[in-house]
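The values are calculated or read from the model by the stated rules, or taken from the named source; none is laboratory data. The structure presented is a predicted model; accordingly, all values stated were derived computationally and were not measured. With ideal geometry, Cβ positions are generated from the backbone for all residues, glycine too; neighbour counts draw on all protein chains shown. The area values use the complete protein model at the heavy-atom level, side chains included, leaving out ligands, DNA and RNA. Shrake-Rupley method; radii C 1.70, N 1.55, O 1.52, S 1.80 Å.
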Amino acid sequence: MNTRKYIDPADMRIELKTGISLRITLRDGQVYDDVEPRRMFPISNADMFILIVDKEDNELFIIKDLKQLDKESYKNISTALDRYYLIPKIREIKRIEEKFGSLKWWVKTDRGDYEFDIQHRHSDIKLLSSGRVLIRDANDNRYEIPNYRKLPRKSQYLISGDL
Amino acid sequence: MRNEVEAKLLVNKPLPEDIKKKLYESLRDGEELLFAISAELLMDGSYGNSTFGVTRSRIISVDPTFPSGVLTLDISRIKNAKVKRMYSNAVLCVETDEGVIETNRFTYSVTELFDAAANYINNVNSGMDPEEQLELIRERFTKRKLTCPKCGRRLSRRNPVCLKCADKKRFATRVFGYVKPYIPVLIFSLVLSSATTAATLIPPYLTKELVDNVIKNGDIAGLRKIVLLLLGIYAFQAGIGAVRNFTLRITGEKIVTNLRNEVYAKAQTLPLKYYDKTSTGSVMSRINGDTQNLQNFIIRISQDVIIQVFTMIGIMAIMFAMNWKLSILSLLPVPIVVYGSRVFSKHIRPFYRRLWKRRSRISSILADTLPGIRVVKAFTSEDRAVQHFEKCGEDLLNENIRAAKITSAFPAVVSFLVMCGGLVIWGLGGYWVINSPDRLTVGVLVSFISYTHMFYGPIQFFAGLSDTFQNALTSAERIFEILDAEPETDLGKGYKPESIKGRIEFRNVSFSYESGKKVLDNVSFVIEPGQSLGIVGATGSGKSTIVNLLMRFYDNYEGEILIDGIDIKDIDLKYYRSQIGYVLQEPMLFNDTIYRNIAYSKPDASVEEVIEAAVVANAHNFIKRLPDAYDTFLGERGVGLSGGEKQRISIARAVLKDPAILILDEATASVDSETENLIQQAIERMIQGRTSIMIAHRLSTLKKADKIIVVDDGKIIESGTHEELMSLEGKYYRFVQIQSLSDGMFTVRSVDKDEYSEIY
Ligand SMILES: Nc1ncnc2c1ncn2[C@@H]1O[C@H](COP(=O)(O)OP(=O)(O)OP(=O)(O)O)[C@@H](O)[C@H]1O
Ligand SMILES: [Mg+2]
């Protein structure tokens, strides 16, 4: 038995208000205004099990699979999610400097160039079996490399010791 | 004029020119910029230059994605400003009559500054003194600026230089430091080694004699002499070699023991923050494996390198004396080998890092699952545990295979080159022997070949050295990482107030373990000496965190915590903690006897005292009934006792310490009502006359507390006595109701927040 409320994606229309705020209208006419989406699996499955919460963070319901939404709704909720979850994808690592076990990275990401510090090189760089690399910087910001094998050769060489 | 203003402006980092221009252009006449935060993230989520500035009357936000590039707003129009934390980023939301406006988007790197800015705006608007508020902002900014003057690393507090710089020597110097006390022994064994090495140089020469003179001339007496001489040399080598190996082994073990002790001692001083991020498994593998690794290297570098250099010089001298042309020929492959080993070491290094990481993952699994073996069995997941382990093992194996390809290929190539060198000498030397025997005799050729092979011994050694070196370097890095990590800051070292009366004050304390989530938000309360404070709140609301801060387990909080009016950060850390008795939420007992587990808090306590403490904690009665009574040996982490029994032992431990301040983080394990009564009694006896903080899940425990605070989501939402809070009919009242509903069998913990809000 489910105690959580799952709503069929086919039964709703999602509009984007401002920022990450959504307005969701159900087929039966019920309207959820000013609600926000949260991923329950932000790392392993970004499009499934999306929690809808109100402004006070109270759970309203769950959308199991975004892919079953109509195109427009999918686009709207994805935009909101992309704003909430800032996980820059690293395209290239230009330089790595090491200082007493902590690292400074200069990178090129899908959101522009950036530099950050990694404090614990062992725990803050995680290689998943798919070749995906999850990174957390000294300020707890997250980054990812979708597949390190697809990075330019020099970048691969630079990080190979930390994978 | 503008430069002067700029010099005074508070910023987290220098603003880019174009931003600065925009910012100053939007100022009105006479309007002064107070502080500005450079945010590095634009509204559309891309990196770029954006800035948030505050003047006395307005906020000015510069972001190229705004239609005009600038957004200004009168502070007086803002009803509320707050930072909305998202994932790896946050926005500053200001609420006006027209709705909510997002003024800036930023990463977690500057979230705390925006938090401070939001506070500033709200406080100024609620009528607080703007100058005082600005002072708080200034503090925030300067705190951020605390960097080590030498390396620029951020300091957690006002240390003169960071620890790493204070004690940063070069790798070689540091390794040498561990070797230094053993130099006489090492020199002794070096002398022995030189002797054996010198001895190895003789046999080929004797071979030459044998071939060219003795055998050729049928000199039987000479033959006997040379054979005996060779026998003597071999015996000498074996004997001296054994002594040498023994000496080295002992020395190595001593060095590694010292190093291991030092790493372990250092690991004790590391702050909890370090352990939040680093798995104990990886710390364990450093203390165990890496120190060993380094030992091997130290021995190698301190002995073999010197020996090999000597051997090389010795052989070269003999070879050149025998025949310089052949000698030059045999040196031909050397440059290739030298160049090759440089390339090789560059490529092998990442492998050792990767190998290390995989090995430490395996240690982590061990450190994790073996102590948790009960859970593994309870959920019949033995097979899964094995599979997981095998997968990590396989990963390590694969990496090892990849590394092995390189590490085996390289020496093979070197050997091949050496052989080729030998062939050239055979070929050319043989040619010379056949054509002009007077220039080169068979004996010289044969012994020359022997020397050539011996000569390549050191070459191969140096070729392989970079491999060992890289491996050792990785281990050394890991070890020094611990030795260099900043220990808990203890600025008040040495300051020990005569007595601690126990007045505790939290002043606007905010704290987060990680930037993404604020765990305590502006917590303030006071406990007078001798009073008891109860803390109530749903699970995860921040109760234990309050205690963690009071214990100084984490010191990167905002606001102040005072004991008897003194900032706790200014008191000697060990002294301070020794004044507090803390019963942890998860009773942590050690693999030792019950007696020593209780006496842990006061090792020099008399037996009577320990028994008395057990009596007060209501533990004596069950202990005396155990066959081994106080000598009962507990398993790892206290295995062998029930939850309630463990709790009472940890209470006894705190009682024995007789502290001025007592903290009790009540375990949530449900116990039967009789045990509950026993524990209750123990607690009541224990808190007599002491300042005490009780985090209780059984609210009945708290009825007698002098004051109760209710924590919700990191904020104090209610405070007062039991009666006051009951008549308030707020959250506390509802907690009590739920608990009496569930007949006292369930604790607050078992009612999760959501269900709770569904009930009401
Ligand atoms: N070491 C840590 N690192 C990161 N977050 C932590 C850490 N310890 C606790 N937290 C988080 O801080 C919040 C408060 O935790 P805390 O332990 O203070 O709760 P609590 O009120 O004692 O709960 P309980 O009643 O269950 O003991 C929780 O949301 C928790 O997830
Ligand atoms: Mg707790």
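Exactly one residue out of B:Gly152, B:Gly127 is assigned to a loop (DSSP other than H, G, I, E, B) and at pLDDT 80 or above, and it is B:Gly127.
If the condition is being farther than 27 Å from A:Leu127 by Cβ, surrounded by 11 or more Cβ atoms within 10 Å (Cβ to Cβ) and not hydroxyl-bearing (Ser, Thr, Tyr), then segment B:383-415 contributes B:Pro411, B:Val413, B:Val414. If you go through segment B:452-480 and keep only what is hydroxyl-bearing (Ser, Thr, Tyr) and more than 23 Å from B:Pro350 (Cβ to Cβ), you end up with B:Thr452, B:Tyr456. Residues that are within 16 Å of ligand 2 (Cβ to nearest atom), away from chain A (no Cβ under 14 Å) and aliphatic (A, V, I, L, M) occur in segment B:649-665; there is at least one. Among the residues of segment B:348-376, the one identified as at the interface with chain A (Cβ under 8 Å from one of its Cβ atoms) and out of contact with any helix residue (DSSP H, G or I) (no Cβ under 7 Å at 6 or more places or on another chain) is B:Lys357. The set of residues in segment B:513-541 being within 25 Å of the chain's Cα centre (by Cα) and modelled with pLDDT of 90 or more consists of B:Val519, B:Leu520. Looking at segment B:492-511, is at least one residue away from ligand 1 (no atom under 13 Å from the Cβ), touching an Asp or Glu at 6+ places or on another chain (Cβ under 7 Å) and open to solvent by less than 10 Å² (accessible area, probe 1.4 Å)? So far as segment B:492-511 goes, yes, one or more of its residues are away from ligand 1 (no atom under 13 Å from the Cβ), touching an Asp or Glu at 6+ places or on another chain (Cβ under 7 Å) and open to solvent by less than 10 Å² (accessible area, probe 1.4 Å). Of the residues B:Ile580, B:Ile566, the single one that is of a type in the set (Val, Ile, Thr), open to solvent by less than 10 Å² (accessible area, probe 1.4 Å) and more than 12 Å from ligand 2 (Cβ to nearest atom) is B:Ile580.
Applying the criterion of at least 2 residues that are modelled with pLDDT under 85, of a type in the set (S, T, N, Q) and within 27 Å of B:Val547 (Cα to Cα) to the helices (runs of 4 or more DSSP H) found wholly in segment B:577-687 leaves B:673-687. Here the condition is being within 15 Å of ligand 1 (Cβ to nearest atom) and more than 14 Å from chain A (Cβ to nearest Cβ); of B:Leu584, B:Leu562, it holds for B:Leu584 alone. Look at segment B:480-496: where a residue is farther than 18 Å from A:Lys99 by Cα and a partner is outside any helix (DSSP H, G or I) and hydroxyl-bearing (Ser, Thr, Tyr), sitting 6+ places away or on another chain with Cβ atoms under 8 Å, you get B:Thr489/B:Ser156. Among residues that are at pLDDT 60 or above, of a type in the set (Lys, Arg) and surrounded by fewer than 16 Cβ atoms within 10 Å (Cβ to Cβ), B:Lys169 is not included. Out of the residues in segment B:688-734 meeting the condition of being within 16 Å of ligand 2 (Cβ to nearest atom) and outside any strand (DSSP E or B), tell me which one is nearest to the other protein chains (Cβ to nearest Cβ). Applying the filter and picking the extreme gives B:Asp713. Screening A:Ile90 with (1) surrounded by fewer than 17 Cβ atoms within 10 Å (Cβ to Cβ); (2) away from every other protein chain (no Cβ under 11 Å) gives one miss only, at (1). Which of the residues that make up segment B:519-530 are under 16 Å from B:Ile546 (Cβ atoms) and open to solvent by 60 Å² or more (accessible area, probe 1.4 Å)? B:Asn522 - this is the single residue of segment B:519-530 that is under 16 Å from B:Ile546 (Cβ atoms) and open to solvent by 60 Å² or more (accessible area, probe 1.4 Å). Criterion first (aliphatic (A, V, I, L, M), buried (at least 17 other Cβ atoms within 10 Å of the Cβ) and either under 25 Å from A:Ile90 (Cβ atoms) or out of contact with any strand residue (DSSP E or B) (no Cβ under 8 Å at 6 or more places or on another chain) (or both)) does B:Met86 satisfy it? Yes: the conditions hold for B:Met86. Restricting attention to segment A:15-33, does a residue exist that is in contact with a Phe, Trp or Tyr (Cβ under 9 Å, 6 or more places away or on another chain), within 30 Å of A:Arg149 (Cβ to Cβ) and not in a helix (DSSP H, G or I)? No, there is no match, as no residue in segment A:15-33 is in contact with a Phe, Trp or Tyr (Cβ under 9 Å, 6 or more places away or on another chain), within 30 Å of A:Arg149 (Cβ to Cβ) and not in a helix (DSSP H, G or I).
Looking across segment B:420-439 at every residue that is at pLDDT 80 or above and open to solvent by less than 30 Å² (accessible area, probe 1.4 Å), the one that is farthest from B:Met319 (Cα to Cα) is identified as B:Ser436.
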